[in-house]
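What follows is a set of notes on a single structure, which appears directly below.
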């Protein structure tokens, strides 16, 4: 069987600059600005993950963000330590949480916040083994 490895997450945004700024401000993402076919492109590095942001022009025939819950890709998750302190810090930066820190099973706490264009982002704190 073929070996598969992680490559990227791809987001669509009417304002890639603002979307990139959100991830930079909230999570310390590295914003990478390049030109692709003469147009500005915004990519991010978050926790070693590649996140690409494609611009959606006003006249694009693209569906609006879905209302949760929905089928298909639901969210992406970021591991953190000291989730309660991280949540407090993100709230101070203006993050909107849809789920406060919650223990979902012994040793695992999660919280959810909403990113630009309705993207759901999970924060996960596993306890050390």
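The values are calculated or read from the model by the stated rules, or taken from the named source; none is laboratory data. Every value quoted in this text rests on a predicted model; they were computed, and no experiment measured them. For neighbour counting, all protein chains shown are included, and Cβ atoms are generated from backbone atoms with ideal geometry for every residue, glycine included.
Below are the figures for this structure:
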read-out: Residues of the stretch 1-29 that turn out to be surrounded by fewer than 13 Cβ atoms within 10 Å (Cβ to Cβ) and out of contact with any helix residue (DSSP H, G or I) (no Cβ under 8 Å at 6 or more places or on another chain), as a count; value: 10
read-out: Qualifying residue in the stretch 47-65 (condition: modelled with pLDDT under 95, part of a loop (DSSP other than H, G, I, E, B), assigned by TED's automatic domain parsing to the domain that holds residue 124 and under 24 Å from residue 127 (Cβ atoms)); value: no
read-out: Residue 98 vs. criteria surrounded by 11 or more Cβ atoms within 10 Å (Cβ to Cβ), over 19 Å from residue 22 (Cα atoms) and modelled with pLDDT of 95 or more; value: no
read-out: Failed item, numbered, when residue 38 is tested on (1) surrounded by 11 or more Cβ atoms within 10 Å (Cβ to Cβ); (2) in the same structural domain as residue 6 (by TED's automatic domain parsing); value: (1)
read-out: Filtered residue count, the stretch 16-46, keeping only those that are under 21 Å from residue 90 (Cα atoms) and either outside any strand (DSSP E or B) or touching a residue at least 40 places away in the same chain (Cβ under 8 Å) (or both); value: 14
read-out: Scope the stretch 60-113; condition out of contact with any strand residue (DSSP E or B) (no Cβ under 8 Å at 6 or more places or on another chain) and at positive phi; matching residues; value: 72, 94
read-out: Meets criteria (in contact (Cβ under 8 Å) with a residue 40 or more places away in the chain, closer than 19 Å to residue 110 by Cα and outside the structural domain of residue 121 (by TED's automatic domain parsing)) for residue 68; value: yes
read-out: Output for the stretch 85-129, where each listed residue is part of a loop (DSSP other than H, G, I, E, B) and either under 22 Å from residue 67 (Cα atoms) or in contact with a helix residue (DSSP H, G or I) (Cβ under 8 Å, 6 or more places away or on another chain) (or both); value: 93, 94, 95, 115, 119
